[in-house]
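Since every read-out is calculated from the coordinates, none of them should be taken as a lab result. Note that this is a predicted model, so its numbers are computed, not measured. Glycine gets a Cβ as well: all are built from the backbone with ideal geometry, and neighbour counts include every protein chain shown.
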Amino acid sequence: MIKITRLNRVPVILNSDLIEHIEATPDTVITLVSGQKYMVLESPEQIVERVVKFRQSLLRNQPFRPTLVPGSRPVTPMEIGEPPSHG
């Protein structure tokens, strides 16, 4: 979630996963996957920077823990991308 400011100076918290695209027309317009549009005071670069910081904060606060299916074994880095062996 990122904080943006509408043209009337009202702050909005936006789910950044729903952003389809951002354009400067010269006002910044954020279009969501639903088709909903927000005209905001921030520049496209500021919005992208906020999204990146938000996603980095998620990665910092959530250590990677692979989920294993019962009866399976962890995949080693060497196995990723290798073609399957047929015996």
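For the stretch 36-52, the candidate set comprises residues that are assigned to a strand (DSSP E or B) and of a type in the set (A, V, I, L, M); within that set, the residue that is surrounded by the most Cβ atoms within 10 Å (Cβ to Cβ) is VAL40.
Taken together, THR5, THR25 contain a single residue that is hydroxyl-bearing (Ser, Thr, Tyr) and in contact with an Asp or Glu (Cβ under 7 Å, 6 or more places away or on another chain), which is THR5.
Applying the criterion of being in a strand (DSSP E or B) and more than 12 Å from the chain's Cα centre (by Cα) to the residues of the stretch 1-20, the residue that is surrounded by the most Cβ atoms within 10 Å (Cβ to Cβ) is ILE4. Looking across the stretch 1-30, the residues that are in contact (Cβ under 8 Å) with a residue 24 or more places away in the chain and polar (S, T, N, Q) come down to THR5, SER16. Taking the residues in the stretch 24-35 that are assigned to a loop (DSSP other than H, G, I, E, B) and either of a type in the set (Asp, Glu) or more than 18 Å from the chain's Cα centre (by Cα) (or both) as candidates, determine which candidate is surrounded by the most Cβ atoms within 10 Å (Cβ to Cβ). Filtering the stretch 24-35 for residues that are assigned to a loop (DSSP other than H, G, I, E, B) and either of a type in the set (Asp, Glu) or more than 18 Å from the chain's Cα centre (by Cα) (or both), the one surrounded by the most Cβ atoms within 10 Å (Cβ to Cβ) comes out as ASP27.
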